[in-house]
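Just dropping this structure here.
The values are calculated or read from the model by the stated rules, or taken from the named source; none is laboratory data. For clarity, every value in this text was computed on a predicted model and none was experimentally measured. Note: ideal-geometry Cβ built from the backbone for every residue, glycine included; neighbour counts use all protein chains shown. Surface accessibility is based on the protein's heavy atoms, side chains included, excluding ligands, DNA and RNA. Shrake-Rupley method; radii C 1.70, N 1.55, O 1.52, S 1.80 Å.
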Amino acid sequence: MVTPQFMRAVRITRHGGPEVLEPTEVAVPAPQAGEVLVKVGAVALNNTDLWTREGAYGRPGDPKATSGWRGPIDFPRIQGADVAGRVVAVGAGVEEGLTGRRVVVDPAIYDAEDPDANPVGLMGSERDGGYAEYVTAPAERVHDVTDSPLTDDQLAALPTAYGTALGMIERGRLRKGDTALVSGASGGVGLALVQIARARGARVLAISSGPKIDAVRAAGAHAVVDRAGDIAEQLRAAAPEGIDVALDVVAGELVSEGLPLLAEGGRWVVAGALGGYGVSLDVRRLYLHNAQIIGSAMHTPAHFGLLMDLARLAEIQPVIAEVFPLEEAARAQEELARRGHVGKIVMRP
C-alpha cells in the first residue's frame, strides 16, 4: 500500500491537564534501520498516559518533581503505549515478510538485549507512541498475532495492563493453589491480574467498589471484598490461612494494613500507587515471616512473549469499556481519570 506523507496525531507540548492534548497533523515517520512502520488499528489508554501528561512520576530524591516515566520528556511527544495494527513498511535490515502482518507492539524500552531485561523507557513517553495513524517501532518489539481471534481493540488492551499484570505474577512467583489478592481489581491491570491469576490456578481474592463487584467476579475472582468496608477484616474472613501473593496497584495504607495478612513466605508485589506513594510498615512483619515486598515495573521481553502466546490462543479476553475516536483523546483521558469504567478504554484513528 502507498503510505501517505502526513497523518493525524495527538501530542503534548508541555505537562498539564487534558487541555494540553493537541490534535495535529504531522509527517508520517519513516522506519529507520531495524524498525517497522505500523498502521495503528487501535490504541488503548493507561494511567501512564495521565501521569506522563501531568508529569506526575517524580524523580529520585524529589518525589514531587514534574517528570515523565523515567525523567524529563522530550516535547513535543505523541502519547500512547498500547498499539495493535498492521506493518505497512520496514526499514533496512528488516525482513520484508513482516509487511502486512497483524502485530502488537511491546512498548517497553529495555536496558539490555536479553530475555530478562528491565524496562527503562516507554513508548508514548521516551519515544513517540500510538495516538496517531502510524507509529514506528523496533522490529524485535513487534509480535505477529495475525491469527489471533482477538479484535484490534482487545489486542491493544494487552501491552501495558496485561504486560504489567504478567510481570507482577511472574515476579511474585504465583503458583497453582496459591491464594492471590488483587487490589484495584476493576481497572485494566486489576482485571488482567484476576484473569491471569485465575488461569494459573490460584484462588483469587479481589478488592473493588460495590458497583463493580459483579464485573470483577465475572472476570474470574473467587471472592470480592468491598473497599468501602473494613478491608483487613474482610480479607481475614476470606483468607484465614493468609495470602500467598498480593498483587497491588493501590499501595498507600493498603500495604500497611495488608502486610500482616500475608502467609509465611508471602510476597507483596507493588506496581502502582493509586492510594499514595507514602507507606509506613512494621518491618518485623517482613523478617519474622520471611515475607517480601517486590517492586514490579511492567514486564520483561520474556514475560511479553508469554503474553503474546496467550493472545494468539485467545486464552485471555480483555474487557473493552468504551471506544473513542482519536480526535477525542482529551475526553477519553478524562473518562479514564474518573475511574467509573470497568476494563479498558480504547481509541481508533
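If a residue has to be open to solvent by 20 Å² or more (accessible area, probe 1.4 Å) and aliphatic (A, V, I, L, M) to count, how many in the stretch 176-193 make the cut?
Number of matching residues: 1.
Let me ask another. Suppose we keep only residues that are closer than 26 Å to Lys64 by Cβ and touching a helix residue (DSSP H, G or I) at 6+ places or on another chain (Cβ under 6 Å) within the stretch 276-300. Which one would you say is surrounded by the most Cβ atoms within 10 Å (Cβ to Cβ)? Steps first, please.
Residues of the stretch 276-300 that are closer than 26 Å to Lys64 by Cβ, as a first pass: 276-281, 283, 293-298.
Going one step further and asking which of them are touching a helix residue (DSSP H, G or I) at 6+ places or on another chain (Cβ under 6 Å), we end up with 279-281, 294, 296, 298.
Details: Val279: 16, Ser280: 7, Leu281: 15, Ile294: 16, Ser296: 22, Met298: 25.
Looking at residues that are closer than 26 Å to Lys64 by Cβ and touching a helix residue (DSSP H, G or I) at 6+ places or on another chain (Cβ under 6 Å), I get Met298.
Any idea which of (1) open to solvent by 70 Å² or more (accessible area, probe 1.4 Å); (2) within 21 Å of the chain's Cα centre (by Cα) is the one Asp74 doesn't satisfy?
For Asp74, the exception is condition (2).
Does Arg173 satisfy being within 29 Å of Trp51 (Cα to Cα), open to solvent by 10 Å² or more (accessible area, probe 1.4 Å), modelled with pLDDT of 95 or more and out of contact with any helix residue (DSSP H, G or I) (no Cβ under 9 Å at 6 or more places or on another chain)?
Values: within 29 Å of Trp51 (Cα to Cα): yes; open to solvent by 10 Å² or more (accessible area, probe 1.4 Å): yes; modelled with pLDDT of 95 or more: yes; out of contact with any helix residue (DSSP H, G or I) (no Cβ under 9 Å at 6 or more places or on another chain): yes.
Yes.
Being open to solvent by less than 40 Å² (accessible area, probe 1.4 Å), more than 23 Å from Leu193 (Cα to Cα) and either basic (Lys, Arg) or touching a residue at least 40 places away in the same chain (Cβ under 8 Å) (or both) is the filter here, so list the residues in the stretch 301-331 that pass it.
Leu326, Ala329, Ala330, listed by residue number.
Moving to a separate point now. Out of the stretch 194-217, which residues are of a type in the set (A, V, I, L, M, F, W, C) and buried (at least 17 other Cβ atoms within 10 Å of the Cβ)? Step through it out loud before you land on a result.
Step one: filter the stretch 194-217 for residues of a type in the set (A, V, I, L, M, F, W, C), giving 194, 196-197, 199, 202, 204-207, 213, 215-216.
Correct list: Val194, Ile196, Ala197, Ala202, Val204, Leu205, Ala206, Ile207, Ile213, Ala215, Val216.
Taking the stretch 218-248 on its own, how many of its residues are open to solvent by less than 20 Å² (accessible area, probe 1.4 Å) and acidic (Asp, Glu)?
Within the stretch 218-248, residues that are open to solvent by less than 20 Å² (accessible area, probe 1.4 Å) and acidic (Asp, Glu) number 1.
Looking at the structure I just gave you, is Ala251 under 20 Å from Val189 (Cα atoms), surrounded by fewer than 21 Cβ atoms within 10 Å (Cβ to Cβ), touching a Leu at 6+ places or on another chain (Cβ under 9 Å) and not hydroxyl-bearing (Ser, Thr, Tyr)?
It is false that Ala251 is under 20 Å from Val189 (Cα atoms), surrounded by fewer than 21 Cβ atoms within 10 Å (Cβ to Cβ), touching a Leu at 6+ places or on another chain (Cβ under 9 Å) and not hydroxyl-bearing (Ser, Thr, Tyr).
Could you please give the count of residues in the stretch 49-71 that are assigned to a strand (DSSP E or B) and either open to solvent by less than 10 Å² (accessible area, probe 1.4 Å) or closer than 23 Å to Val145 by Cβ (or both)? Talk me through it step by step, then tell me what you get.
Initial filter on the stretch 49-71 (assigned to a strand (DSSP E or B)): 56, 59, 62, 67.
Subsequent filtering for residues that are either open to solvent by less than 10 Å² (accessible area, probe 1.4 Å) or closer than 23 Å to Val145 by Cβ (or both) retains 67.
Number of matching residues: 1.
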